[in-house]
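Take a look at the structure below.
The values are calculated or read from the model by the stated rules, or taken from the named source; none is laboratory data. All values derive from a computational prediction rather than experimental measurement. Cβ atoms come from the backbone with ideal geometry, glycine included; neighbour counts cover every protein chain shown. Each accessible area value is taken on the protein alone, full model and side chains, heavy atoms only, with ligands, DNA and RNA left out. Shrake-Rupley method; radii C 1.70, N 1.55, O 1.52, S 1.80 Å.
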Amino acid sequence: MKKLIKSIAARMAMILCLTFGVSMWAEAQVPSIPRYQQGNRYRNSNRQRTYNRNVAWGSQYDWLSTRYCTYDDIRYMDRGQVRVMKNSIYARHGRRFRDANLRRYFNSQSWYRGWRDEVPAREFNKYENYNINFLLKYE
């Protein structure tokens, strides 16, 4: 009887995993480093962008300067990823980091050039200002 119950429970667990759990389980195991996002990061890549010449392009979070971030964008990220995401806005504007982990991470990126200690708030566009405040809530 115990073997039958275990067998039924194992089959039900397998069915649940195959229908619901596998994708949710896989998405929940996000590492603390940013994931590469494939595809077009911009809704309309043909449009002309006007931007500050001091802003670095080429990071995986460039889209933070072109659209508002939503909860769906960060739903499966942990706090470390959200922190890197928020600080990538500052890094793209050339900020140097005091925190050793952030400094190590951004120094390993080919696009990063830290050349100043603080970034004036007037240099951020409306999307960057919104996204910094939004991500700060989830960091």
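Within segment 118-127, being surrounded by 11 or more Cβ atoms within 10 Å (Cβ to Cβ) and either in contact (Cβ under 8 Å) with a residue 60 or more places away in the chain or not in a loop (DSSP other than H, G, I, E, B) (or both) holds for Glu123, Asn125, Tyr127. Going through (1) of a type outside the set (Asp, Glu); (2) free of Cβ contacts under 8 Å to residues at least 40 places away in the same chain; (3) assigned to a helix (DSSP H, G or I); (4) over 16 Å from Val55 (Cα atoms) one by one, Phe134 falls short only on (2).
Taking first residues from segment 83-95 that are more than 13 Å from Val55 (Cα to Cα) and open to solvent by less than 10 Å² (accessible area, probe 1.4 Å) and partners that are charged (D, E, K, R) and in a helix (DSSP H, G or I), the Cβ contacts under 9 Å between residues at least 6 apart in sequence or on separate chains come to Met85/Asp73.
Does segment 85-108 hold any residues that are part of a loop (DSSP other than H, G, I, E, B) and over 18 Å from Ser65 (Cα atoms), and which are they? Spell out the reasoning first.
Of the residues in segment 85-108, the ones part of a loop (DSSP other than H, G, I, E, B) are 93-94, 96-99, 108.
Within segment 85-108, Arg96, Phe97, Arg98, Asp99, Ser108 meet the criteria.
Conditions: (1) touching a helix residue (DSSP H, G or I) at 6+ places or on another chain (Cβ under 6 Å); (2) open to solvent by 50 Å² or more (accessible area, probe 1.4 Å). Asp99 meets all but one. Number of the miss? Single failed check for Asp99: (1).
Considering segment 102-117, the residues that are over 17 Å from the mean Cα position of the chain (by Cα) and more than 18 Å from Arg83 (Cβ to Cβ) include one that is most open to solvent (accessible area, probe 1.4 Å), namely Arg113. Among the residues of segment 55-70, are any at pLDDT 95 or above, under 22 Å from Lys137 (Cα atoms), touching a helix residue (DSSP H, G or I) at 6+ places or on another chain (Cβ under 7 Å) and buried (at least 16 other Cβ atoms within 10 Å of the Cβ)? Yes, segment 55-70 contains at least one residue that is at pLDDT 95 or above, under 22 Å from Lys137 (Cα atoms), touching a helix residue (DSSP H, G or I) at 6+ places or on another chain (Cβ under 7 Å) and buried (at least 16 other Cβ atoms within 10 Å of the Cβ).
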